[in-house]
Amino acid sequence: MIFRLPIFCALIAMITVPIAKTHAQELPPIFAATPKQLVPAKTVAEFPKNTFLENIVVDKSGTLFVTSFEDGKIYRVTPSGEKSEFAAVAGTIAGITFDRDGNLLVTGWAGKKTPSVFRVSPTGAVETLTAIKGGMFPNAITPLKGDIYLIADSYKGVIWAFDAQTNQCRVWLDAPALTRRDAKNPVPAVNGLKVFGNTLYATNTQRQQIWRIPISPDGKAGTPKLFMEKINGDDFALDGAGNLYVTTHFYNSVVRITPNKKVTIIAGAEQGMTGSTSLAFGKGNADRNALFVVTNGGMSLPPKGGVQPAKVVRLDIAPPTKR
């Protein structure tokens, strides 16, 4: 996630400041020579301007659950575009996943100042499970094994392990690969997390890198290995063949990265990717080859003409193959 540059004042209170307009022209042209293979795109749902849609998860029935960062809301969206408010956290929220009992686990800040993990029941009831002591910016959350979930801390530069049975957090991995190169730059470091087999993939947005972290049979972290550079990755999803689909946020696109590191742009601003933050695969025969992308309409870096409505966009891709 990269939000509208909310930065911690004294690392506690959050404020919001826009990026300078000149920043848009100064973005490194890292995708200028990247080939395009655009896929069919359709806007499924639209939200008012200045809605920061941040993350997405899909339940077994194919229903989408989308976090709205700044107002702490979780929206339920059907693949056909029907939307409703499902729950609201008294604070701000970032990452979202399901636990083994069908509850949602959500990361964010209780009261907009205390890094925390929340649980949301299937009826929308919200419970604060724990404050993350020593935490700074709890971001993506993803299942590891059993009742253990991994949480990216985008400012502290670590990955936490959260135990949903004890509601305790501990540092799972503390490594230079997860940190910010410039602590004064509010762009997040470790950001998106996903497990594929015995490997955890992690984006470091500020460093524009993707890392692979081996997972031992007992669930411990190995030494991170650099997978890709010059990829402004926010969040991502993996298909069954190991292809990564990465939202690029500032760069208003989604790119596919094959296991052999071939990069292709599959959707851009014209397909509704302005401020692309996260994405997830659909479920069921009709949607399993669909990627549902959430955006903030360019709140972090407004395009010409200003911030656009936030969107949920469906991308139809080919069945997964190793390329």
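Looking only at residues of the range 271-296 that are on the phi > 0 side of the Ramachandran plot and more than 15 Å from the chain's Cα centre (by Cα), we find that the one that is surrounded by the fewest Cβ atoms within 10 Å (Cβ to Cβ) is G284.
One line per residue, one yes/no per condition, for (1) over 20 Å from S278 (Cβ atoms); (2) in a loop (DSSP other than H, G, I, E, B); (3) among the β-branched types (V, I, T):
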residue	(1), (2), (3)
G95	no, no, no
T107	no, no, yes
K112	yes, yes, no
V117	no, no, yes
P122	yes, yes, no
K133	yes, yes, no
A140	no, no, no
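Does L244 qualify as being aliphatic (A, V, I, L, M) and either surrounded by fewer than 19 Cβ atoms within 10 Å (Cβ to Cβ) or farther than 30 Å from G306 by Cβ (or both)? Answer is yes for this residue.
Looking across the range 124-153, just one residue is of a type in the set (G, A, S), buried (at least 18 other Cβ atoms within 10 Å of the Cβ) and over 26 Å from R76 (Cβ atoms), and that is G135. Taking each residue of the range 58-72 that is without any contact (Cβ under 8 Å) to a residue 60 or more places away in the chain and looking for partners that are surrounded by fewer than 18 Cβ atoms within 10 Å (Cβ to Cβ) and among the small types (G, A, S) with beta-carbon atoms closer than 6 Å, six or more apart or interchain, yields G72/A88. Taken residue by residue, the range 174-189 has at least one member that is free of Cβ contacts under 8 Å to residues at least 60 places away in the same chain, closer than 17 Å to T277 by Cα and in contact with a Ser or Thr (Cβ under 8 Å, 6 or more places away or on another chain). When the range 181-221 is filtered for residues that are β-branched (V, I, T) and more than 13 Å from the chain's Cα centre (by Cα), the ones remaining, listed by number, are V187, V195, T199, I210, I213, I215.
Checking P29, P48 one by one, the residue that is part of a loop (DSSP other than H, G, I, E, B) and either of a type outside the set (A, V, I, L, M) or buried (at least 22 other Cβ atoms within 10 Å of the Cβ) (or both) is P29 and no other. Taking the numbered list (1) in a loop (DSSP other than H, G, I, E, B); (2) touching a helix residue (DSSP H, G or I) at 6+ places or on another chain (Cβ under 9 Å) in turn, A286 passes all entries but (2).
Within the range 151-163, residues that are closer than 10 Å to L193 by Cβ reach partners that are of a type in the set (D, E, K, R) and in a strand (DSSP E or B) with beta carbons closer than 9 Å, at six or more positions or on different chains, in the pairs I159/D153; I159/D174.
Tallying residues that are within 13 Å of F118 (Cα to Cα) and among the hydrophobic types (A, V, I, L, M, F, W, C) within the range 147-167 yields 3. Going through (1) touching a helix residue (DSSP H, G or I) at 6+ places or on another chain (Cβ under 8 Å); (2) at pLDDT below 95 one by one, S253 falls short only on (2). Residue-level check: of (1) part of a loop (DSSP other than H, G, I, E, B); (2) closer than 25 Å to I215 by Cα, L150 misses just (1).
Could you grab me the full set of residues in the range 182-196 that are of a type outside the set (D, E) and either touching a Lys or Arg at 6+ places or on another chain (Cβ under 8 Å) or not in a strand (DSSP E or B) (or both)? If the condition is that a residue be of a type outside the set (D, E) and either touching a Lys or Arg at 6+ places or on another chain (Cβ under 8 Å) or not in a strand (DSSP E or B) (or both), then A183, K184, N185, P186, V187, P188, A189 are the ones that fit.
The values are calculated or read from the model by the stated rules, or taken from the named source; none is laboratory data. Keep in mind that this is a model prediction, so the values were computed, not measured. Because the Cβ atoms are built from the backbone with ideal geometry, glycine has one as well, and the counts that use them run over all protein chains shown.
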